[in-house]
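The values are calculated or read from the model by the stated rules, or taken from the named source; none is laboratory data. As the structure is a prediction and not an experimental result, all values here were calculated from the model. Reconstructed Cβ throughout: ideal geometry from the backbone, glycine too, with neighbour counts over all protein chains shown.
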Amino acid sequence: MKEENPKISIFPLGTRLPEMYSKYFTGQAYLAPLTHNKELNCPVSNVTFEPGCRNNWHYHSGGQVLIVTGGRGFYQVKGEPSILLLPGDIVEIPFNVIHWHGASPNDWFSHLAIETNPQDNKVTWLEAVDDEQYVKATSISNSTFSRLTENAIKNHEELWPNYKSKAKDTDPELIEVFDNFAFDEVTSHGNIETKTRVMAIMASTIASQALSEYKMFVNAALNVGVSPVEVREVLYQSVPYVGIARALDFIYAANEIFTERGIKTPLENQSTTNPENRYEKGLALQKEIFGEMIDKIYQAAPKNQLHIQKYLSDNCFGDYLTRTGLDIKTRELLTYSMLISMGGTESQVKGHIQGNVNVGNNKETLIGITTQLLPYIGYPRTLNAIKCLNEAIPE
């Protein structure tokens, strides 16, 4: 490998493409065959493209699989939008689909090329991808992605693989600022695992009535391993905090996504109470989380308001928070996420800060969750949450 050529893959660069292939490429590419036993019938090569290099439009009679091993590139099917390719992406190319792939204008790019059905697989090369086609396919992505950090792209792709955002076309400057902040700077803070962060954002979007963003994060949640039951439990837990009037559209939206993904509803039952024991179990859970404070609240409640405290025990806690599907530590984080997103709930926020501490979520964890929600709830509500944290748990 020449010194001036960057090492972007664990696989060898190989040699310049021989004439029989290079005539079908615009720019310089390199080929490194990785398998040699023809009896295995599975040819695999590492192909590396210099910046701006791409192959002609072509198709495979037996298909092909690409596994991206380094750099940044693009894949485009004839008549469809181009797709950004990053390390770890896999492209399954069906039989006889006309396409091209290659490097971005400013980046080297490397992928494994796996020939499928090699016994009768033939490549038919067509016309070159001209400069106008190439610029159109990469201009939006290049103008935006060239200024996005590697972490921002990687973290966004983890949540929404190969997602094509309309906002990238209409508002690339905003996407650059927001994605670098939300998916790199903020995501890099603290030790909140991806699944927990995504569930907290889902809870926040319900409380904020941000339906479009909620749909995005339901799909993200399912993409990163949050189970359908967990998605539903986030929703159900929102009902006693935001009210069914605000939660209903989100329930419908989640069910539509489940249907699109082939997830059958209704999901399995997670209830642990019945009309006879809901008050007893709900009150017990309240005391487990908040301790002797619950007895004091009952004692201090005026007679004409005591029924509200009973409702908190049997309905909020007995009907909802005793459910399985999520553990109590996660449920308290979700409650905190909803309360700080709603605004005007500082009294309840302080109470649930103590509840979180009692079940094992320390101040650092709560600061971490608050930080992850900042891009979605804004600075005023974030600063109010931090103030509540500092008052409830002084530095």
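Looking only at region 249-268, which residues are hydrophobic (A, V, I, L, M, F, W, C) and not in a helix (DSSP H, G or I)?
Matches in region 249-268: Ile263, Leu267.
So how many residues does region 156-188 have that are in a loop (DSSP other than H, G, I, E, B), farther than 16 Å from Leu84 by Cα and at pLDDT 90 or above?
The total comes to 3.
Among the numbered conditions (1) closer than 26 Å to Glu127 by Cα; (2) buried (at least 18 other Cβ atoms within 10 Å of the Cβ), tell me where Glu80 comes up short.
Answer for Glu80: the failing condition is (2).
What number of residues in region 226-258 are buried (at least 20 other Cβ atoms within 10 Å of the Cβ) and among the small types (Gly, Ala, Ser)?
3
Is it true that Arg246 is of a type outside the set (Asp, Glu) and either under 11 Å from the mean Cα position of the chain (by Cα) or assigned to a loop (DSSP other than H, G, I, E, B) (or both)?
Judged against the criteria, Arg246 is not a match.
Can you tell me which residue within region 308-367, out of those that are in contact with a His (Cβ under 7 Å, 6 or more places away or on another chain) and not hydroxyl-bearing (Ser, Thr, Tyr), is surrounded by the most Cβ atoms within 10 Å (Cβ to Cβ)?
Residue satisfying both the conditions and the ranking: Leu339.
Please go through region 8-24 and give me each residue that is over 35 Å from the mean Cα position of the chain (by Cα), touching a residue at least 12 places away in the same chain (Cβ under 8 Å) and surrounded by 13 or more Cβ atoms within 10 Å (Cβ to Cβ), ordered by number.
If the condition is that a residue be over 35 Å from the mean Cα position of the chain (by Cα), touching a residue at least 12 places away in the same chain (Cβ under 8 Å) and surrounded by 13 or more Cβ atoms within 10 Å (Cβ to Cβ), then Gly14, Leu17, Tyr24 are the ones that fit.
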